[in-house]
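The values are calculated or read from the model by the stated rules, or taken from the named source; none is laboratory data. Here the structure is a predicted model, which is why all the values come from computation and not from measurement. We place every Cβ from the backbone using ideal geometry, glycine too, and count neighbours over all the protein chains shown. Protein only, heavy atoms only, side chains kept; ligands, DNA and RNA dropped before computing areas. Shrake-Rupley method; radii C 1.70, N 1.55, O 1.52, S 1.80 Å.
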Amino acid sequence: MRWQQLFTDLEAQMAEQEAAVDQADEASRARAEHGRIRLADRLRGATGREVSLSCGAGELAGRLADVGVDWVLLVDQQQREVLVALSAVRAVSGLTAVTAAVAAEGVVDRSLDLRRATRALARDRAALHCLLADGAVLAGTVDRVGADFLELAEHPIDEPRRRGVVTGVRAVSLGALVALRTAGPARG
């Protein structure tokens with residue numbers, strides 16, 4: 001009888017130890033999993049919600065429309081599109097508990113970067129405000145995008161880009177870019 005009780009006690013102790021090890025392993029796996037989450041993944045979980053981004057140019061707020069590999073697209077209260085460089089984002093409010101699944105980036109994902117998004121704005125010939133990290137706000141149209149800069153034809157925001165209204169062309173480092181905000185409401 002005593003041997004049976006001893007074996008039962010030993011089995012219970014081993015089961016407790018195994019449960020403790022399993023629990024520690026699970027917590028460790030959860031921490032490791034959480035450590036792989038990037039800000040872009042966290043933001044993707046809030047797509048369609050109102051968020052506020054603290055950036056070098058102050059607060060940028062709006063409905064989170066899309067998230068790229070290194071950019072965020074908001075639609076603000078005036079229905080303007082705001083393309084924000086993810087590198088300029090210092091803090092985010094308005095997130096929910098939902099986080100998008102961490103996905104391995106493929107070649108296509110990596111190619112849909114800030115330069116490509118900015119090139120789309122250049123193709124659209126959209127009049128926009130260019131918000132810079134130092135607080136400067138430039139107005140004009142993106143003429144072209146290089147490897148690490150964009151060229152902005154400066155002109156009044158309410159005028160279409162025409163030779164007669166362009167006051168100058170400025171090269172802007174993509175590293176200094178906080179956001180590009182369209183002058184008018186988002187289309188479609």
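Quick notes on this one:
- Accessible area ranking (1.4 Å probe, heavy atoms, ligands and nucleic acids excluded), largest first, for VAL92, VAL98: VAL98, VAL92.
- Local electrostatic count, GLY62, Cβ distance below 14 Å [Lys/Arg +1, Asp/Glu -1]: -1
- Under-5 Å amide H pairs with PHE149, H placed in peptide plane, nonlocal only: LEU174
- Neighbourhood charge, 11 Å Cβ-Cβ cut-off, centred on VAL165 and excluding it, Lys, Arg +1 and Asp, Glu -1: 0
- Summarising the label geometry, the points placed 7 Å from Cα in the beta-carbon direction at ARG161 and SER54 lie 3.5 nm from one another.
- Residues whose amide H falls under 5 Å from that of ALA179, counting only those 5 or more places apart or on a different chain, are ALA85, LEU131, with hydrogens built in the peptide plane.
- Cut-off 18 Å, label 7 Å out along Cα→Cβ of ALA136, residues of segment 44-75 by amide N: 56-58
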